[in-house]
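The values are calculated or read from the model by the stated rules, or taken from the named source; none is laboratory data. What you see is a predicted model; the values in this text were computed from it and never measured. Cβ atoms come from the backbone with ideal geometry, glycine included; neighbour counts cover every protein chain shown. Side chains included, ligands, DNA and RNA excluded: accessible areas come from the protein's heavy atoms. Shrake-Rupley method; radii C 1.70, N 1.55, O 1.52, S 1.80 Å.
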Amino acid sequence: MADETAISRLRMPPCSHQPAPYGGPSREEVWTERRRYVNPGVFHLYREPIMLVEGRGQYLWDETGRRYLDFIAGIATVSCGHGHPRVLARIREQLETLQHATTIYLHPNYGELARRLAETLPDGLEVACFTNSGSEANELAVNLARAYTCATDVIAVRSGYHGGSAATMGLTGLSSWKFSIPQGVSIHHTVCPDPYRSPFEGSPDEIARKSAGDVQQIIACQTPGRVAAFLAEAIQGVGGATHGRGDYLRLAYRAVRDAGGVCIADEVQCGFARTGRHFWGFQNFGVEPDIVTLAKAIGNGMPLGAVIARREIAEVLKQKLHFNTFGGNPVAMAAGLGVLEAIEEDGLQENARRVGDRLKAGLLELMQRHEPIGDVRGLGLMLGVELVGDRESKEPAAAECAEVLEECRRHGLLLGKGGLHGNVLRIKPPLCITEADADFAVEVLDAALRRK
Ligand code: PMP
């Protein structure tokens with residue numbers, strides 16, 4: 001096995017899992033094949049892409065047996081940890097009995113997952129439609145909202161990410177993800193309510209009020225006065241852990257409802273206990289949406305998404321036939337049930353709160369010593385560290401961010417990168433990380449910022 005200390009002097013917390021010896025094609029062969037045959041738009045993180053061949057808990061191994069601490073979890077997806085025994089057992093058991101049949105027949109997993117999800121949500125949010133991805137879920141949610149309200153205008157938030165299909169690309173508020181193609185219709189983007197780069201001045205509370213005022217302005221100036229929906233992440237994932245403070249969501253929801261619209265919470269990244277204090281991201285801000293969209297962590301890596309709506313909204317699906325071949329697939333449902341059980345049994349929400357608080361405190365302490373850290377934000381284990389050229393001008397330091405990412409990799413820590421300007425380190429580990437992992441990550445970031 002490769003000696004981790006040969007590359008970094010920092011010691012990762014110990015791990016008892018021994019990866020199996022890797023006997024597959026070499027990394028070079030894999031990369032060559034990918035470059036030759038795979039969609040050229042598929043990008044990789046790091047100058048020299050990492051090949052991963054095994055995972056357990058919060059750790060990943062490459063083909064040489066080198067271990068990494070995973071702080072991005074397949075983009076906020078493997079929240080229960082890699083190879084979680086409960087999730088695997090559920091999947092295996094279902095695979096061996098019935099892999100697929102579609103929802104034209106009854107199967108117990110389908111209704112059971114829908115009920116178990118409803119039990120975690122506020123009263124009334126109880127009717128589920130399962131999809132295969134977050135993009136599909138958001139597209140369906142907007143379709144439901146439009147059919148229900150008989151209005152078309154949708155308000156989304158700048159620097160939010162909602163998917164890569166034509167309609168959800170339109171909902172996304174980040175130019176790097178928008179191709180030059182027609183993207184949805186009647187979509188308006190309100191200002192990002194996060195105070196750090198807000199166009200408004202004032203205290204976080206004032207910025208929250210002014211940002212919600214922008215939603216009212218959009219309704220008044222760019223729509224017929226009636227809207228179908230407001231779609232927002234409680235904490236933006238790809239946007240770099242950006243979020244409105246205080247009353248932002250409450251005021252924005254009120255403005256939209258006053259204009260006849262419904263409120264959609266995209267919980268694809270901030271749901272499933274990631275924010276620690278609550279199971280759902282929106283609960284941190286005292287609002288109750290009319291529709292929630294789920295994906296990523298719901299399957300811990302299985303392709304699964306969902307839309308959960310109030311009954312009267314979901315009723316519109318009876319107007320026509322609606323079908324999704326894999327939506328409700330028994331194996332995907334089994335994974336979802338395993339995820340809910342694992343979060344509960346392992347106390348992952350409490351762990352996200354406790355370890356997340358410690359990690360954030362460590363990052364804030366780093367901010368006192370490292371000038372390039374302009375902002376540290378987020379909740380639980382959904383954190384962002386924004387790097388800037390200088391704190392006065394807040395000039396985005398995207399090149400520095402890429403360098404820090406490379407340095408962290410050298411020390412065995414895998415992070416994500418995002419934000420409108422590509423200058424935010426994104427931290428979204430599996431929720432099972434320990435305090436020792438959090439301390440190690442802070443130590444690595446400290447060294448990376450000093451290039452040690
Ligand atoms: N919503 C959010 C908040 C996301 O982060 C993503 C994916 N990054 C999506 C929706 C789209 O999910 P998918 O890639 O599964 O289509």
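For the chain, taking Cα atoms only, Rg and Dmax work out to 21.7, 65 Å respectively.
Of the peptides 309-316, 103-110, the order by per-residue mean of other Cβ atoms within 10 Å, starting with the highest, comes out as 309-316, 103-110. Coupling constants for segment 8-15 follow from the phi torsions by the Karplus curve (6.51 cos²θ - 1.76 cosθ + 1.60, θ = phi - 60°), and in residue order they are 9, 7, 7, 9, 6, x, x, 8 Hz; glycine and proline get x. Here's the picture: charge each Lys and Arg Cβ at +1 and each Asp and Glu Cβ at -1 in segment 96-188, and of Q99, G163, G173 the one pushed furthest to the positive end of that dipole is G173. Quick one: net charge around T172, please, counting Lys, Arg +1 and Asp, Glu -1 for every other residue with C-beta under 14 Å from its C-beta. Surrounding charge for T172 is -1. Select from G380, H370, A352 the residue farthest towards the positive end of the dipole of segment 340-411; place +1 on Cβ of Lys and Arg, -1 on Cβ of Asp and Glu, and compute about the Cα centre. The residue sitting most towards the positive pole is H370.
Which value, in debye to the nearest 20, describes the size of the charge dipole of the chain about its Cα centre when Lys and Arg Cβ atoms bear +1, Asp and Glu Cβ atoms bear -1, and nothing else is charged? Dipole magnitude for the chain comes out near 440 debye. Considering only C-alpha atoms, what is the centroid distance from segment 7-25 to segment 262-305, in Å? Segment 7-25 and segment 262-305 have Cα centres separated by 33 Å. Under 5 Å from the amide H of V262 lie the amide H atoms of A229, F230, each residue being 5 or more positions distant or on a separate chain, with H modelled from the backbone and absent for Pro and chain starts. Tell me, what HN-Hα J-couplings in whole Hz come from the Karplus equation 6.51 cos²θ - 1.76 cosθ + 1.60 at θ = phi - 60° for each residue of segment 419-435, using x for Gly and Pro? With the stated coefficients, segment 419-435 comes to x, 3, 9, x, 10, 10, 7, 9, 10, 8, x, x, 6, 8, 4, 9, 4 Hz. Alpha carbon centre of segment 392-452 versus segment 130-202: separation in Å? If we compute the Cα centre of each part, the gap is 28 Å. Look at the alpha carbon pairs under 8 Å that are at least 6 residues apart: their mean separation over the length of segment 287-368 gives a relative contact order of 25 percent. Label positions at V30 and R354, each projected 7 Å from the Cα along the C-beta direction, are separated by 3.5 nm. Dipole size of segment 29-117 about its Cα centre, with +1 on Lys/Arg Cβ and -1 on Asp/Glu Cβ: approximately 220 debye, rounded to the nearest 20. Using the Cβ of G23 as centre and a radius below 15 Å, the other residues enclosed give a net charge of -3, where K and R count +1 and D and E count -1. The distance from the alpha carbon centre of segment 334-382 to that of segment 30-95 is 20 Å, rounded to a whole number. Computed per residue of the chain from DSSP H runs no shorter than four, each worth -39500 (n - 2.57), the mean residue ellipticity at 222 nm is -11500 deg cm²/dmol.
Label-to-label distance for Q99 and D123 is 4.4 nm, based on points extended 7 Å past Cα in the beta-carbon direction. For segment 1-138, the square roots of the Cα gyration tensor eigenvalues, ordered a ≥ b ≥ c, give a/c of at least 1.5 with a/b greater than b/c, which places it in the prolate category. Charges were assigned to the Cβ only: +1 to each Lys and Arg, -1 to each Asp and Glu. The resulting dipole of segment 107-181 about its Cα centre is roughly 280 debye. Coupling constants for segment 279-295 follow from the phi torsions by the Karplus curve (6.51 cos²θ - 1.76 cosθ + 1.60, θ = phi - 60°), and in residue order they are 6, 10, x, 5, 5, 5, 10, x, 10, 10, x, 9, 9, 10, 10, 10, 5 Hz; glycine and proline get x.
Is the shape of segment 286-397 rounded, prolate or oblate, going by the alpha carbon gyration tensor and its root eigenvalues a ≥ b ≥ c, with a/c under 1.5 for rounded and a/b larger than b/c for prolate?
Note, shape of segment 286-397 comes out prolate.
The Cα atoms of segment 190-332 give a gyration tensor whose axes a ≥ b ≥ c have a/c of 1.5 or more with a/b no greater than b/c, which makes the shape oblate. In terms of accessible area, using a 1.4 Å probe and ignoring ligands and nucleic acids, M12, M302, M382 rank largest first as M302, M12, M382.
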